[in-house]
Amino acid sequence: MKKIYTLSLLALSLGFGACKKGYFDINTNPNNATSATPGLILTNALNTTARNTTGSYEFYRFAAPWIGYWNFSGGVSGFLEERSYNITSNYAGATNTWANLYDNLEDYQYLEQQGKALNKPYFVAFAKTMKAFDFQYLVDFYGDIPYTQALQSTAVIRPKYDKDLAVYEELAKQLDTAAALCKANLGKVASGDVSFDIVYAGDLAKWGKLANTIKLRLLLRQSEIAGRTDYIKSEIAKINANGLGYINANETANVQPGYLNSDGKLNPFYASFGYTAASTKTLQGGHQYYLAAEYSLNFYQNNGDPRLGRFYTTINEGAGTTYVGHPFGPTATDAEKPQFISAIGPGLVSWPSDASKPQPLITDFESLFLQAEAAQRGLISGSAEALYKSAVTQSFIALDLTAADATTYLSTQAVADWSDASNAGTGTSAEGTSYDKKIILIIKQKWASLNGFNDIESWCDYRRLGLPADIPISNNPTATTRKIPVRMPYPQSEYNYNPQNVAAEGAISQFTSRVFWDVK
């Protein structure tokens, strides 16, 4: 759904407001708004978050091939940067994400200010939660970022960079405040503001769970840092104290402004990787550019995983009878065209129904996998096994499979069976780090579930843990460093417009300049 759709509503509202202020004031341009209705800002900002993160082309263009989900079609040329890992400051995946997230953050900053000014604390809670969502990804992509001096418009044109660890710690505090505001204002969202909330329709209990879940994700990112366990436990104690819990089954944080099978109003992921709004089944560019990776397709196929036919089609856009993937790295040839390789499947982009489906920001199954890992590490109470099984089940349900399908899979396939002997004891990561095999199992099934829902999270888990341990490395001949990058470079715009501060960060390498939580 294009930004202009929601902005048109905003412009209409502001236009009427300006007319009321002074219709005959010729020195005031009624179309040059200096303020906006916070509810409309919220709606637009949430929709923009969906379009710029989990529903965006940028969240999948490099992470999907690097983490073994999708590879590139021989029907198009290019993608050498992704195949070779030769990422520069001009790489679109780096430049667009930086610009999009900071632009989105400006809207949430305005929403927070207006929430305070109008004494509507729930707007403050929404803004703080979503600012943490965006800022976390900025840290996860780039490490040190402008934070304390960011979002100040012309007051600070060249903001300093804050240390990534310090930003994370501040985000944890902001999420505590957001959850506390949610708890203190349960049932107090004004009826006129409910419709502006296109995630939970004013349900502050669920917003509190979202804030807590984002915080748990922040904390688990730090799980491998020596000496950090006491901090993590103390921060989880604050989550326990607010009593709101985490996102559970059937509580996915979905953005739904009213997506339609109409130009400019499509679900954003579907608009990138599905089909056009035409009455015929016409492929979007992303659906033609990305095809099934051999690694993931083999995992689902070799392990009797019913999700295979939901994540991928058979060859020739489902017209064939076999599933075929191709390896990551080589420049694709005519043999890797959509006629011969499986494509993105109907569980992700079913035509035409998924054109109007909601766009998840954090799924219930991601939250349950986070909780399962935390429980297995002894960081939260509850049964790690039960949480894990619930996570896998919700993954199946999200793909229009059944709970019974999940139960069978969990009890018959060694790669999923909690009690299987092969999942006991310890195993190793890609770097040779030893882990409890239950952690390895949780992360492998989390990887198997996030395909097409949030590939960045799988990239983050791989950087944090080296899991799954057998993710293939590109064999492209121009890949001089055969290693999955650990970060994005700063965009060229920072070197152009904020040169002194970005230069202070030193030389950046996508292979060695690690984010603080990546200690492997």
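What follows is calculated from the coordinates using simple rules that are stated; it is not laboratory data. All of these numbers come straight from a predicted model, not from anything done at the bench. Cβ sites come from the backbone with ideal geometry, for glycine too, and all protein chains shown count toward neighbours.
Between helix 364-376 and the chain there is an angle of about 70 degrees, using the helix long axis and the longest principal axis of the Cα atoms.
Over the stretch 143-297, the reciprocal of the mean inverse Cα-Cα separation, the Kirkwood hydrodynamic radius, stands at 19.3 Å. The relative contact order of the stretch 270-414 comes to 22 percent, based on Cα pairs under 8 Å that sit 6 or more residues apart.
Ellipticity at 222 nm from helices only: DSSP H runs of n ≥ 4 in the chain, each -39500 (n - 2.57), divided by the residue count, give -15000 deg cm²/dmol. For the chain, the residue among Gly378, Ala430, Gln152 whose Cα projects farthest onto the positive side of the dipole built from Cβ charges is Gln152. Taking chymotrypsin sites (Phe, Trp or Tyr not before Pro) in DSSP loop states with no more than 15 other Cβ atoms inside 10 Å as exposed sites, the chain has its longest site-free stretch at 25-510. Between Thr407 and Ala205, the simple label model (points 7 Å from Cα in the Cβ direction) yields a spacing of 2.7 nm. Ratio of Rg to Rh for the stretch 81-222: 1.01 [Cα atoms; Kirkwood radius as inverse mean 1/r over pairs]. Taken over the stretch 368-474, the convex hull of the Cα atoms encloses 106 Å³ per residue.
Based on Cα atoms of the chain, Rg over Rh with Rh as the Kirkwood radius reads 0.96. Hydrodynamic estimate: the Kirkwood radius of the stretch 284-352 over Cα pairs, inserted into Stokes-Einstein at 20 °C and 1.002 mPa s, corresponds to D of 179 µm²/s.
Output the pairs from Lys120/Lys238; Lys160/Lys265; Lys163/Lys206; Lys215/Lys437; Lys163/Lys520 with a Cα-Cα distance over 29 Å in this structure; if there are none, say none.
Numbers: Lys120/Lys238 24 Å; Lys160/Lys265 38 Å; Lys163/Lys206 31 Å; Lys215/Lys437 25 Å; Lys163/Lys520 19 Å.
Among Lys120/Lys238; Lys160/Lys265; Lys163/Lys206; Lys215/Lys437; Lys163/Lys520, the Cα-Cα distance tops 29 Å for Lys160/Lys265; Lys163/Lys206.
Sparse packing (at most 16 other Cβ atoms within 10 Å of the Cβ) combined with a DSSP loop state is found for the following trypsin sites (Lys or Arg not before Pro) in the stretch 178-217: Lys188. Fully extending the segment from Thr321 to Asn90 would add 79.0 nm, taking 0.36 nm per residue of separation and subtracting the current Cα-Cα distance. With respect to the chain, whose longest principal axis is taken over its alpha-carbon atoms, helix 403-412 is tilted by about 40°. Rg/Rh for the stretch 292-411 stands at 1.05; both radii use Cα atoms, and Rh follows the Kirkwood definition.
A simple charge model with +1 on the Cβ of Lys and Arg, -1 on the Cβ of Asp and Glu and nothing else charged puts the dipole of the stretch 284-352 at about 160 debye relative to its Cα centre.
Please give the helix 121-142 orientation as an angle from the longest Cα principal axis of the chain, in degrees from 0 to 90, rounded to the nearest 10. Long axis of 121-142 versus the principal axis of the chain: about 50 degrees.
Charge dipole (Cα centre; +1 on Lys/Arg Cβ, -1 on Asp/Glu Cβ; no other charges) of the chain amounts to roughly 740 debye. Pairwise alpha-carbon distances in the stretch 140-193 exceed 13 Å for 69% of all pairs. Sparsely packed loop sites in the stretch 244-311 (the trypsin sites (Lys or Arg not before Pro) outside DSSP H, G, I, E and B with at most 13 other Cβ atoms within 10 Å) comprise Lys281.
With point charges of +1 on the Cβ of Lys and Arg and -1 on the Cβ of Asp and Glu, referenced to the Cα centre of the chain, which listed residue (Gln114, His287, Ala319) lies farthest in the positive direction of the dipole? So the residue we want is Gln114. For the stretch 428-491, trypsin sites (Lys or Arg not before Pro) meeting the loop criterion (DSSP other than H, G, I, E, B) and having at most 15 other Cβ atoms within 10 Å: Arg482, Lys483.
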